[in-house]
Each structure stands twice: as structure tokens, then as C-alpha cells.
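Colleague: Just passing along the structure, written as C-alpha cells.
The values are calculated or read from the model by the stated rules, or taken from the named source; none is laboratory data. Quick caveat, the model's predicted, so the values are computed rather than measured. Neighbour counts are summed over all protein chains in view; Cβ atoms, including those assigned to glycine, are modelled from backbone coordinates with ideal geometry. Note: areas computed on protein heavy atoms with side chains; ligands, DNA, RNA excluded. Shrake-Rupley method; radii C 1.70, N 1.55, O 1.52, S 1.80 Å.
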Amino acid sequence: MSAILDIADLTVEFPTRREIFVAVDGASLTVEPGEIHGLVGESGAGKSTIGAAVMALLERPGRIAGGTIRLKNRIISGRDRAEMRSLRGSEISMIFQDPLTSLNPLFTIREQLTETITTHLSVTDAEAHERAHDLLARVGIPEPDIRLDQYPHQFSGGMRQRVVIALALCSEPDVIIADEPTTALDVSIQAQILDLIRELANERQVGVILITHDMGVIADTTDRVTVMYQGKVVETGATRLVLGKPNHPYTKSLIAAVPRPNVKLHRFPLLSYDGRATEFRIDDLARNWNKADTDSAKPLFEISGLTKRFLQKRSFIPSRRQYLVAVNNVSFDIRQGEVFGIVGESGSGKSTVARMIAGLYRADGGTILYGGQPVTGSGSLAWYRRQIQMIFQDPYSSLNPRMRVDAIVAEPALHHRLLSGKALRHRVDELLEHVGLGAAAGLKYPHEFSGGQRQRISIARALATQPRFLICDEPTSALDVSIQAQILNILKDLQEHLSLTMLFISHDLPVVRQMCDRVAVMQNGRLVEVRDAEALFASPREAYTRSLLKLMPRLDGLATEGIQDQVEA
Amino acid sequence: MTSVYTAPDRFNQMALRIRAMWQGDLAWAFRHSPVAMVSFVVVVLLVSGALLAPLIAPHDPFDPATLNLMNGFTAPGTPNAFTGESFWLGTDDQGRDVFSTILFGMRISLLVGFAAVLLGMVIGVTLGLIAGYRGGWTETIIMRVADVQLTFPAILVAMLIFGIAKGFTPVEYRDQIAIWVLILAIGLSDWVQFARVVRGATLVETKKEYVQAAQLIGRSGTAIMIRHILPNVLSPVLVIATISLALAIIAEATLSFLGVGAPPTQPSLGTLIRIGQGFLFSGEWWILFFPACTLLALALSVNLLGDWLRDALNPKLR
Amino acid sequence: MLNYVIRRVFQSVVVLLIVGLVAFSMFRFVGDPIDNMLGQERTQADIERLRTQLGLDQPFPVQYWRFLENAVQGNFGVSYRQGRPVAEIIAERAPATLELAAVSGLFAIVIGIVLGVFTAIRREGWASNVIMTGSLIGVSLPTFLIGILLIYVFSVELDLLPSFGRGDVVDIGGWSTGFLTASGLKALVLPAITLGLYQMTLIMRLVRAEMLEVLRQDYINFARARGLSERVVNFRHALKNTLVPVITVTGLQLGSIIAFAIITETVFQWPGVGLLFINAIQFVDIPVMAAYLMLISVMFVGINLLVDLLYVAIDPRLRGEGNTT
């Protein structure tokens, strides 16, 4: 079989005012009919840029500086925009990441489908409408007759992504480029969409480039895979081979950092590829830490009947107000010194629970006891706020961009009047040293740091008041997988050496398995079950938990280099 | 946030920061925009001319002792037929030097412009922050009032406030407080822009996690609004303030031109144009022309700066 | 949908009531109406009689209610300065202002949208740069200076068009129109351009900014990726989305045309309500000010309501047809 799309030695440049940034550096890959070719790499690897270059949708001032792109043996790079436009959509299509923004909100689905069909195929109006109907049915949208005349806002996220796929199929393309097509979707929807892409590729012999950062998606869906690092292709080949027996050291380090669903590791093995991983100095930190006397028999938190409603429709008249019940009568305990996990899909209420415990939301019902004392009522909670800290999801928004790093780290201690002047300055320098950034980092501003470094700053801030309890709300979901491994290792160190108690919120089951001692599963604001982590993963009791576990990526084929010696008994 | 660092350390940091700023994106954009640089120079020249008016003006137009009615209607650059005196930009009907009246007129225009924008900004930013951060009924009330006021064009609101204030003051004080009434009228008419923009930006910032991090440790709402949110919403405020300055100068000139602004005893550029309009048809064009050019130069360069600033602070737009 | 319309109408009425309160308070508290209406020679009996006649002895809410009652019937009292009923004065001035505003509004919207779309699509071209720079000068030029400039060029130097007044008018059933005579149309040209130019530049800049914003959206990229032609992408997908916010602001701009007419009317001595209003401010003629305020609020609120309804017609998300499934 010959390649339908052949990218050879592609180089893409973005000239900026200081230098020319090379986003893609001599990348080559081929796609065959009916094949799903995965393109994987961490942020900044240049994988999306390849997709944009093939579609001639490079953002200004980006340009193709070298190499060729061949479609069915015809060179399609270096053509002018008008020519590219006739190829686009007719022979190559694209599926974007966010289905919520990729459909025009002011036109019906029928209008958008028929318009695209008549642009590419010479068919009558009636035929176009019939095709639109068939396509919608093919991508699995029930009642296509009714749905055709609806607007995008009347579809859910997963349904919209199906419509986007239908639009991409309108012209019967030979190649589809799917750029993170499931990243914005929940796991259960993600699996359905990937299955659909898989089926369509087989059925219509379409070549698919699947761009993703998710090793699970690569392992489950693709036939071949190309691994990229800083604009360069480091390894390419059949998926099973690349993931099972990686050759390149970068691929090895990447695979070693992937959280496994089937075993619990003591620590992630950090196979440093470029020597940038910085040390976290837990021993120094632990030496100066005032450890709380741990009495693990008594729970730290006793939470009962916790309920939170959000006002959805305001009205003068109380009876006409509409509420969304985000958390519904949830009760559990958190023991001293454990890592307690909460998992669930988006909208399950897991973050809302964390925010109520953090005192960011006020509960509408139920009680939270901390060491036997209520912390839900009014009155001064300064003593409580000193003992809890939080690490947030998005390292780009959790640090005030207008504050210097030393001021950010010092703020909690300063506010609680724990330290001041020289002692405070000393503590800040020390903390920045300990998290591996160095005291000099205090003089900089957050924008000078990468995502992983920012998360370390967040950790330094959280430790400044020497808290006993740490809330981690999806602390690594915005990070690349190798950075995630570093941060998770740090959190494990903290918990072990400082006897911290932790609440760990995540939608990512393999991560939860690595981190947590006990796990609560939530769905639609309700608690489904609370179990010891290993017991939950080994033998889930509830049907919902079983269905969640079934959706975990099967990473059996992944290389286990460096992992065996970390497996916990 | 008080810094944990001591004074000499801070000084060094400041020097470093100034250097970083000059090499920073905004300064780079400035150095590469001839339009912005020219506008900046024009604004600086005009503002310093107004500030230094008592020192550099050849005549004091408000001192009757230095006026000679015989000098009336002297054309620019040519000696007067009776007195032989020569005036750079000519004189008006009462023999006042046009160049001097422009310098003094600009003082009024700029005073009203800056003070009105400051007033509007303080009110608008405060209400916008509160509305965006507190939400709920507070927000509804503030933003409904803003919406209603926005329904009415700013210039009309300013006129109404001016008219009402005039009705309240006894005739003999009207001229004296006219300038302050103008500032009040224009300032109250443009707080809405600030409030809307700041509320929008505050809503975005409030959802960010650094605000939650501050709430978590128990900082008060006021402290979060001032120390955390305010610094992060300042760039759009800067853009609006610059554009508002141009609008306020134009609004002042318009009101004065219509005769409901600065009184003839304290003429602004608008008043001068109002006076000059009467002589346009009889051929003494300079009495109108030069004040009009000054007003245009001032408004245009401030607008160009604002336009440049908006693009420079919003890299998306390029 | 119906709910939305009812709520908007209700809000409009509240706004009008508030404006009415402002207008009434002006009338009641700014200066002493009795002082203003009676000359120097007055007796205590005159004062008492007028006080009762105006209802000033009644409690405030009652007075306000009466004021509203009268206002709804078009009765705004008697001008302090001219001694004639305000309603009569306004009725005879209104056609001049409305004709001027209609012509310049049409000019501003049509040219403004066309130029805005053009400069957004041809972002890089020299023509766009010239138009954008020109528009900044347009925004910086005060309306009255534009007027004076036009008068100087076309009336004083070229002597082509009249510099003041509205020429000959024809009276049709109480509406005096300048559209039907040559001199009336000639007189309309300069004021209409003066009034429309500033609004045009604002609308143009707004349309351009909105269109650029829309052109950056994912669905535009996706439309391009599907191979739709540039024409379809720009004029079908982008333009319709641009229109949604543009309509709101254009509505507000139409309102401000009526307000800015005050300036144009002053420069051109155009015998409309704006000129009347500016004279009223100068002489603190409160009944005229109050009536003008009420009148244009009704217009503004009406325009806003219309805009909101148009919004619903364009944007399906506001029609509330079914929910996400």
C-alpha cells in the first residue's frame, strides 16, 4: 500500500521580533489509507503546527521554510492560498479540539452541512439534503430529521463533536487531521468519539492523523505513532513497537512517566532526558518542620450531609428560583496522614466539595468537623485557615501575574502574622530552595517560569504557613506527563515526610491510583462509594465505578523500563 | 502586598525594572511605531506649553493693562497698521495675542480634561470592581444604572448636569464655578465606560485561581480587590483613560463652543473657537483657525496614542 | 421568548419612570418655579393662586403622578422664556430635527458598515490604512469644527450650499418637510454630513473590531478548513456573527445622533429641537429642558427595545428553543 499523505523534511518557522522560532524542524511522516497515525508529544513539540501546515492554516507570521507535503503523489506545499482552498475540505479535512467553538452558532446544522456538500460535490439541493441526513445518521446522532434543523447550542459537547466529524466527511476526504479531538470531552464521551473515528477510517479507507498529548489515546486508537520533541521527530513506527520497545531516550522517559492503571508505584521513575529535572529537597524541609502529633485513630475531618446548591435562575419570588444541586448530601471522613482521593467526571461535584472544605464556598447544608471543631459556621476561622492550604489546577492562573514570586510565597504567612521581616524573608528563600527553584527565583515574576516551575511556586506558597492539611484540586491536569510525574513525586514526598494529610481531586483514575490511600467516587453530586484505593481498583462494587474503570486506557503494552523496581507490594 | 525586601535592595530592583521595561514589549512597540512617538512628542509639547503658559506667553490675555484695543484684528506675522506691533499668530477683536490666548486656553481644556477623566475613572473603576467581585444584587443595581446612563449620550448627560447645576447656583457665582461644574458634568458622564470594562475584566480575574488562593488564606474582599484584582485590570483602564481624555477635551470644547461651558472670562479652546466663528465670514480667519488647529492636534495625538496603546497591550489584535 | 419581551418592556417603563422623576425633580427643585413664572410685580395672592394651580401644595408623590399624567398627554407646561406651551413649541420644531437625524443616520449606518467590513477583510491593504487613519482624524475632529470647516469651504469660498437654516419647507398636515423643495434639499446636505460623519467613523471602527474578533474564532477556521470559499466565509459566516453586537451599539449611536443634533443645529442655525434645548439651558428654561429630556428618553428607550427584539431575531441562542441534549 502506498502512502496517501507524505510529509518529508517539513520545517515551519515563526519569525518573531527577536529571533526566528523553528516550530517544526525537518519532520517526516507518512499516512496510509485506513490508517490512524498518532502524533504525540508534549506542549511545544510542534505537533499541532504540522496539522496547520498541512491544512495551510498556519497563523501569521508562520511559514513553511522547507520540505514538501505530498497528497496522493502530488506536491501540495508551496501552492498559493486559492489552490490550497480547493484541496482543503475536498481531499483533506480537519477536526478541531473544542466542539463548542467550532460550529457557527447562527446557522442550523442543515445549513452548515448542505453548504459544505454543495461546495465540493456537484449534486442537486435535494441530494445534498439527503446526504446531510445520511451523514448525521452515520455519525450516530439519533433522530437526524429533527436534529438537522436545530442550532449548535441545542447539542451537547459530544454530539457537537459528532456534527463536526459529519462536516469533515461532507466532501469524502482522503485524509482527516484530528487535532486533540477528545481533549475537551469527558472520558466516557471520549471513548465513543475515538471509536467513531476508528470505524470511519476503516469503513471509508480514510487516513487519519490523530494529534494528541495523551498516551492512553495513542495506545488504544492508533496503528502507527510518531513521537515529537521540540519540533523534531524522535521516533516513528508501529504503535505497539514504539510504546513497547522504545529506542529513543526521550520516548523512554515519556513512557516511564505515564501513570499506570494496573499497578501502584512508590515513585515515578524520572528518566531525565535533557537533565532539566531539578531536585526537590525534602530532607532539608522536613528538618525544620513542626510536625503535628499524629493520632491516626481519630479522623482529621468528619464530613456529614454536605450539600451545595447554585442559583441558576434568579427571581424576586423565592419559589420561582431555580437551583442546580452540585453536591447532594455527601458524608465521609478523612483520616490523619492519609491521601484521600475524590474522582468523578466533570459536573460530579468533586471540586465543589473541595472548595467547601477550603472555605471558598459556603455549604447550604451539612457539617464539616476539623479535629472535632465545626468549620462551616460563621465566626473567625483564622486558626483553621492557617492549617489548610491548597494547590490549584491551572499553574497559569493560580499565581497573580502582577506580584513578584517572593511576595506570592510570603503572602499567607504575612497575612496570618506568623512571620515578618528577616525571618519571613529567610523562610521564603528557604522554601524556594527546597522546591528546587533557588532563592533568586523570588525576584522574578510568574510569567518567567514554565508550568511545572509555577506549580512548584504554588507548592512553596502552600507550605509557607506549615499547614497540616493540603487540598490538591487536579494539580497536574494542565501539565505535560513528564512534569506531572515530577510534581506527583513531590506531593508524595510531602505527605510522607511532613505527615501531611491530603485531599486529592482528579478525573484521572491512573493518577488517583498512584496517589491515594482511599478513594471516593462521585457522580452528579452524589457519593457513589468510598473504598481503600487498591480494593476499589481490584474489585469495584458499584456499577458506575465499574463503568468508569472500564474506560481507563489499557496500557498493557507499554514498556516497563525503570518501573518494576518502584512497584509497591 | 508589602515586599519582604529592604530599601536599598528595592532601589536596585527598581533600576533593573526600568531597564527591563524599556526592553519590554510595550517599549519595543513604542520604539517601532513612528506614529506613537510623534503623537507622544506633540502631547508633551502641548502639555508643557500649557503648564508653562505664564512663563512663555508673550502677553497675559487676562491683564487689561497689557491690552491695547488699537491692536485688534492684527493679521498673523504682519505689523499692526496703528501701533506697528507684530504678532506671531495675530490678535483677536480686543487686541489679545492669539498665541497667548491659545496657551492659556489649553490650560483650561487640559485641566478640565484630566480632572474629568480622573473623576470618571475613580468612580467607574471602584463601581466596576465592586460589581464584578461582589456580584448578585449589587452588580445588578450598578450595571442597570450604567445601562440606563449609557442609553443617553455622554454629551447630553453633561449638558443636563451643567444645566441643573447652573439652575442651583446664583447668577453672580455661575462664572466662577463654571470650570468645576464642567469637570463634574463630563466626569459623571463617562464613568460608565470604565465601570463596564473593569467589571468585565474583574469577572474574568475573579474566576482565576490566584484570587481563590487569596480567599483561602482569609484575605478580605477589599484587600483582594485592591491588591490582587486592581493591578490586573489596569491595562484596559489605561487604554480607556487615554481615549476618554481625548473625548473629554472634545466634550469640553463642544460645551464651551455651545456657550454652556467655560465662560469668556476663562476661555478654553472651545470658547476661543466660539469667539473666532463670528469673524470667519469677515475675513479674520486666524482668530478661529489657530485655536481649532491646536484642539485638533491635541485630540488627534491623544487618540493616536490611545489607539496605539490598545493594539500594543492586546497582541491578539495584530 | 415572550417572557424576554415582556421583561424588556417592563424594564423600559421603569427607565422612563426614573427619567420622568429626574425631569420632574428638575422642574420642581431647580430654582423656584413660582419665581420663574411670575415677574417682579406679584402679590402674595398671585403666588398662592399659582401654587394651587400648579399643585405645589400637594405631597411630592402626588405631584409626580400629576406630572406623569400631564406628560403622557403631552402637556409639559409653559416655557419660562417664550410664555407658550412647551408641547406646541416642540411640535413645530420636531420635523426639522427628525429629518436631519434620519438622513444622517442612514448615511452613517450604510457607509459605516460597508467601510468597516472592507477594512476588516482587507486588513493589510493601503486603502484600509488610509481609511483607518482618516477615521481617527474623524473621531478627533469635534462635530462643530467639521461644521465650520464645511461652511467655510462650501458656503464662504465656493458659495455652493447655504450655511444656515433649512431653506423652503412645505407644510403637509402640520409636518413641515424640507425634502420636497430644491432649497430644502440643498440646505440639508452640509448639516447631514456634519452630523453623520462622526457617527459613521464610530460605526465603522466598531464593525471592523467586531469582524476581526469574529474572524479569529474557531468556527471561521473550521469553515475555511472545510474548503468554503473566502466569500462565503467572510460574508455569510463572519458578517452575520458580526451583526449581533454591532446592532446594539448602532442602536445606541442612533440615539446619540439625536443628541449630537444639538451641536449641528447650533452651528447651522437649524431650527430644530436641539437649538431649542441649548437655548433653554442657557436661560435655565426648566420646562423646555424637562420636556426635551422626556421626549428623547422615549425615543432612546424605544430604539433600545427595537434593538433587543432584532437581537432575538438574529441570534437563535436567545430564542430559547429547547435545551442542550
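Colleague: 222 nm [θ] for chain A, helices only, -39500 (n - 2.57) per DSSP H run of 4+, per residue, to 500?
Modeller: On the way: 20 runs with 195 residues, N = 569.
So the helix-based figure for chain A works out to -10000 deg cm²/dmol.
Colleague: Which ³J(HN,Hα) values in Hz, rounded to whole numbers, follow from the phi angles of the range A:168-180 under the Karplus curve 6.51 cos²θ - 1.76 cosθ + 1.60, where θ = phi - 60° and Gly and Pro get x?
Modeller: Using θ = phi - 60°, the values come out as 5, 8, 3, 9, 6, x, 8, 10, 10, 9, 10, 9, 6 Hz.
Colleague: Which residue, chosen from B:53, B:113, B:256, occupies the Cα position most advanced towards the positive end of the dipole of chain B, where the dipole is computed from +1 (Lys, Arg) and -1 (Asp, Glu) charges on Cβ about the Cα centre?
Modeller: B:113
Colleague: Considering only protein heavy atoms and a probe of 1.4 Å, how much of the accessible area of the protein assembly as shown is carbon and sulfur, as a whole percent? Provide the component values of the computation, followed by the final result.
Modeller: Numbers: 30060 of 52140 Å².
Carbon plus sulfur share of accessible area: 58 percent.
Colleague: Please sort by residue number the trypsin sites (Lys or Arg not before Pro) in the range A:343-387 whose DSSP state is loop and whose Cβ has at most 14 other Cβ atoms within 10 Å.
Modeller: A:362
Colleague: Send over the per residue convex hull volume for the range A:162-229, Cα only, as a whole number of Å³. If you can, show how the numbers build up before the last one.
Modeller: Numbers: hull volume 6.2 nm³, N = 68.
That works out to 91 Å³ per residue.
Colleague: I need the shape label for the range C:91-132. Rule: rounded when a/c is under 1.5, else prolate if a/b > b/c, else oblate, with a, b, c from the alpha carbon gyration tensor.
Modeller: Values: a/c = 7.42, a/b = 4.27, b/c = 1.74.
Prolate.
Colleague: Something else now. Run through every distinct alpha carbon pair of the range C:39-191 and return the Kirkwood hydrodynamic radius in angstroms, one decimal place. Don't skip to the answer; put the middle values down first.
Modeller: On the way: mean 1/r = 0.0488 Å⁻¹.
Mean inverse Cα-Cα distance, inverted, gives 20.5 Å.
Colleague: While we're here: Would you kindly give the portion of the calculated P(r) for the range B:179-318 that falls above 19 Å, as a percent of all Cα pairs?
Modeller: On the way: 6219 of 9730 pairs.
For the range B:179-318, the share of Cα pairs beyond 19 Å comes to 64 percent.
Colleague: Using a 7 Å offset from the Cα along the Cα-to-Cβ direction at both residue C:175 and residue A:524, what is the distance between the two label points in nm, to one decimal?
Modeller: Distance between the two pseudo-spin positions: 6.0 nm.
Colleague: Further question on the same structure: What ³J(HN,Hα) values, in whole Hz, does the Karplus curve 6.51 cos²θ - 1.76 cosθ + 1.60 give for the range A:366-376 when θ = phi - 60°, with x put for Gly and Pro?
Modeller: Running phi through 6.51 cos²θ - 1.76 cosθ + 1.60 with θ = phi - 60° gives x, 10, 10, 9, 10, x, x, 9, x, 10, 9 Hz.
Colleague: Also, quick follow-up: Using the eigenvalues of the Cα gyration tensor, what equivalent ellipsoid semi-axes result for chain C when each is taken as the square root of five times the eigenvalue, whole Å, largest first?
Modeller: With the √(5λ) rule applied to chain C, the semi-axes are 43, 29, 15 Å.
Colleague: Pull up the DSSP beta bridges for the range A:142-246 and report the antiparallel fraction as a percent, rounded to 5. Let's see the in-between values first.
Modeller: Numbers: 6 of 11 bridges.
Of all bridge pairs located within the range A:142-246, approximately 55 percent are antiparallel.
Colleague: Okay, moving on. Keeping all protein chains in the complex and leaving out DNA, RNA and ligands, what accessible area do you get for residue B:48 with a 1.4 Å probe, in Å² to the nearest 10?
Modeller: Near enough 40 Å² of accessible area.
Colleague: Please report, ordered by residue number, every helix of chain C (full DSSP H runs) that is 20 Å or longer along its axis going by C-alpha atoms and whose mean Kyte-Doolittle hydropathy reaches 0.0.
Modeller: TM-like helix candidates: C:2-29, C:86-121, C:126-140, C:182-215, C:239-268, C:286-314.
Colleague: Could you please put B:173, A:384 in sequence from largest to smallest accessible area, using a 1.4 Å probe? Walk me through the intermediate numbers first.
Modeller: Values: B:173 115, A:384 5 Å².
Final ranking, largest accessible area leading: B:173, A:384.
Colleague: Another one. Output the 0 to 90 degree angle, nearest 10, between the alpha-carbon long axis of helix B:286-313 and the longest principal axis computed from the alpha carbons of chain B.
Modeller: Here the helix axis deviates by roughly 10 degrees.
Colleague: Once the dipole of the protein assembly as shown is set up with Lys and Arg at +1 and Asp and Glu at -1 on Cβ about the Cα centre, which of C:286, B:241, C:142 lies farthest towards its positive end?
Modeller: Value: B:241.
Colleague: Right, next: Calculated FRET efficiency, residue A:535 and residue A:329, Cβ-Cβ r, R0 25 Å, to nearest 0.05?
Modeller: Between residue A:535 and residue A:329 the formula returns 0.55.
Colleague: Nearest 0.05, what FRET efficiency do residue A:248 and residue A:43 give at R0 = 22 Å with Cβ-Cβ as r?
Modeller: Numbers: r = 19 Å, r/R0 = 0.85.
Calculated value: 0.70.
Colleague: Rounded to the nearest 10 Å², what accessible area does residue B:308 have for a 1.4 Å probe in the complete protein model?
Modeller: 40
Colleague: Same structure, new question: When we measure straight from the Cα of residue C:240, which lysines land under 27 angstrom away, once same-chain ones fewer than 8 places off are left out?
Modeller: Within the straight-line cut-off, residue C:240 pairs with B:316.
Colleague: Let me ask something additional. Using a 1.4 Å probe and counting only protein heavy atoms, arrange A:245, A:308, A:72 so the residue with the most accessible area comes first. Let's see the in-between values first.
Modeller: Working: A:245 155, A:308 25, A:72 95 Å².
In descending accessible area the options line up as A:245, A:72, A:308.
Colleague: Right, something else. Is the shape of the range A:419-507 best called rounded, prolate or oblate, per the rule: a/c under 1.5 gives rounded, else a/b larger than b/c gives prolate, else oblate, with a ≥ b ≥ c the square roots of the Cα gyration tensor eigenvalues? Walk me through the intermediate numbers first.
Modeller: Numbers: a/c = 2.13, a/b = 1.25, b/c = 1.70.
Because a/c hits 1.5 or more and a/b fails to exceed b/c, the range A:419-507 counts as oblate.
Colleague: Can you give the Rg to Rh ratio for chain A, taking only C-alpha atoms and Rh from Kirkwood? Write out the running numbers ahead of the final one.
Modeller: Details: Rg = 25.9 Å, Rh = 26.0 Å.
That ratio is 0.99, to two decimals.
Colleague: Keeping every protein chain present and rolling a 1.4 Å probe, give me the accessible area per residue for chain C in Å². Each step should come with its number before you reach the end.
Modeller: Values: 14630 Å² over 325 residues.
Normalised by residue count, the accessible surface of chain C is 45 Å².
Colleague: Based on DSSP, what percent of beta bridges with both residues in chain A are antiparallel, to the nearest 5? Each step should come with its number before you reach the end.
Modeller: Working: 47 of 84 bridges.
Antiparallel: roughly 55 percent of the beta bridges in chain A.
Colleague: While we're here: Per-residue Cβ counts within 10 Å, from other chains only, averaged over C:270-281: what number is that? Please list the in-between numbers first.
Modeller: Working: counts 0, 0, 0, 0, 2, 0, 0, 4, 6, 1, 1, 11.
Partner-chain Cβ atoms within 10 Å, mean over residues of C:270-281: 2.
Colleague: For the protein assembly as shown, what is the percent of antiparallel DSSP beta bridges, rounded to the nearest 5? Write out the running numbers ahead of the final one.
Modeller: Details: 53 of 90 bridges.
Of the beta bridges lying entirely in the protein assembly as shown, close to 60 percent run antiparallel.
Colleague: Is there a pair in A:232/A:252; A:264/B:208; A:72/A:232 whose C-alpha atoms are over 27 Å apart, and which pairs would that be? List each step's numbers first, then the result.
Modeller: Working: A:232/A:252 16 Å; A:264/B:208 33 Å; A:72/A:232 24 Å.
Pairs exceeding 27 Å: A:264/B:208.
Colleague: Given the whole protein assembly as supplied and a 1.4 Å probe, what does the accessible area of residue B:82 come to in Å², nearest 10?
Modeller: The accessible area of residue B:82 comes to roughly 150 Å².
Colleague: Next question. Whole-Å semi-axes of the range A:149-266's equivalent ellipsoid, largest first, each the root of 5 times a Cα gyration tensor eigenvalue? Each step should come with its number before you reach the end.
Modeller: Values: eigenvalues 172, 65, 29 Å².
The answer is 29, 18, 12 Å, longest axis first.
Colleague: Could you check which residue among B:89, B:247, B:26 shows the biggest mean-square fluctuation in a GNM of chain B with a 10 Å Cα cutoff?
Modeller: B:26
Colleague: A further question on this structure: Write down the radius of gyration of the range C:156-216 and its Dmax, each obtained from C-alpha positions, in Å.
Modeller: According to the Cα coordinates of the range C:156-216, Rg and Dmax are 17.6, 53 Å.
Colleague: Could you work out the equivalent-ellipsoid semi-axes for the range B:61-187, taking the square root of 5 times each eigenvalue of the Cα gyration tensor, largest first, in whole Å? Let's see the in-between values first.
Modeller: Working: eigenvalues 409, 51, 26 Å².
So the equivalent ellipsoid measures 45, 16, 11 Å along its semi-axes.
Colleague: Given an 8 Å cut-off on Cα distances and at least 6 residues of separation, report the relative contact order of chain A as a percent. Walk me through the intermediate numbers first.
Modeller: Details: 1128 pairs, mean separation 90.7, N = 569.
That works out to 16 percent.
Colleague: Oh, and also: Along the charge dipole of the range A:291-422, which of A:331, A:319, A:384 sits closest to the positive end, that is, farthest toward it, with unit charges on the beta carbon of Lys, Arg, Asp and Glu (+1, +1, -1, -1)?
Modeller: Final value for the positive-end residue is A:319.
Colleague: What is the dipole size for the range A:12-64, taken about its Cα centre, with +1 at each Lys and Arg Cβ and -1 at each Asp and Glu Cβ, in debye to the nearest 20?
Modeller: 320
Colleague: Here's a follow-up. Could you work out [θ]222 nm for chain C from helices alone, using -39500 (n - 2.57) per DSSP H run of at least four and dividing by all its residues? Round to the nearest 500 deg cm²/dmol.
Modeller: Dividing the helical sum by the residues of chain C leaves -24000 deg cm²/dmol.
Colleague: Hey, another quick one. About the Cα centre of the range A:399-450, what is the dipole size in debye to 20, counting +1 per Lys and Arg Cβ and -1 per Asp and Glu Cβ, all else neutral?
Modeller: Numbers: 7 positive and 6 negative charges, 43 e Å.
Roughly 200 debye, rounded to the nearest 20.
Colleague: Another one. Provide a whole-number value for the mean count of partner chain Cβ atoms within 10 Å of the Cβ atoms in peptide A:103-112. Mind dumping the intermediate values first?
Modeller: Details: counts 4, 13, 8, 11, 7, 1, 0, 0, 1, 6.
Mean partner-chain Cβ count within 10 Å for A:103-112: 5.
Colleague: Quick one: putting +1 on the C-beta of Lys and Arg, -1 on the C-beta of Asp and Glu, what dipole do you get for the range B:148-300 around its Cα centre, in Debye to the nearest 20? Numbers along the way, then the final one.
Modeller: On the way: 9 positive and 7 negative charges, 113 e Å.
It comes to approximately 540 debye.
Colleague: Let me ask something else about it. Leaving out ligands and nucleic acids, note down the accessible area per residue over the range A:420-508 with a 1.4 angstrom probe, in whole Å².
Modeller: Working: 2560 Å² over 89 residues.
Counting only protein heavy atoms, the per-residue value for the range A:420-508 is 29 Å².
Colleague: Pop out the Kirkwood hydrodynamic radius of chain B from its pairwise C-alpha distances, inverse of mean 1/r, in Å to one decimal. Can you show the working numbers first?
Modeller: On the way: mean 1/r = 0.0450 Å⁻¹.
About 22.2 Å for chain B.
Colleague: Next question, about the same structure. Could you sort A:310, A:340 by accessible area so the largest value comes first, with the probe set to 1.4 Å?
Modeller: Details: A:310 65, A:340 0 Å².
These residues rank, largest area first, as A:310, A:340.
Colleague: What list of whole percents do you get for P(r) of the range B:123-212, with Cα-Cα distances grouped in 5 Å bins up to the one holding the largest distance?
Modeller: 3, 15, 19, 17, 14, 11, 9, 6, 4, 2, 1, 0
Colleague: I need the per residue convex hull volume for the protein assembly as shown, using only the alpha carbons, in cubic angstrom as a whole number.
Modeller: On the way: hull volume 272.0 nm³, N = 1212.
Roughly 224 Å³ of hull volume per residue.
Colleague: Report, by chain and number, residues whose modeled amide H sits under 5 Å from the one on residue A:232, excluding near sequence neighbours (fewer than 5 apart, same chain).
Modeller: Result for residue A:232 returns A:25.
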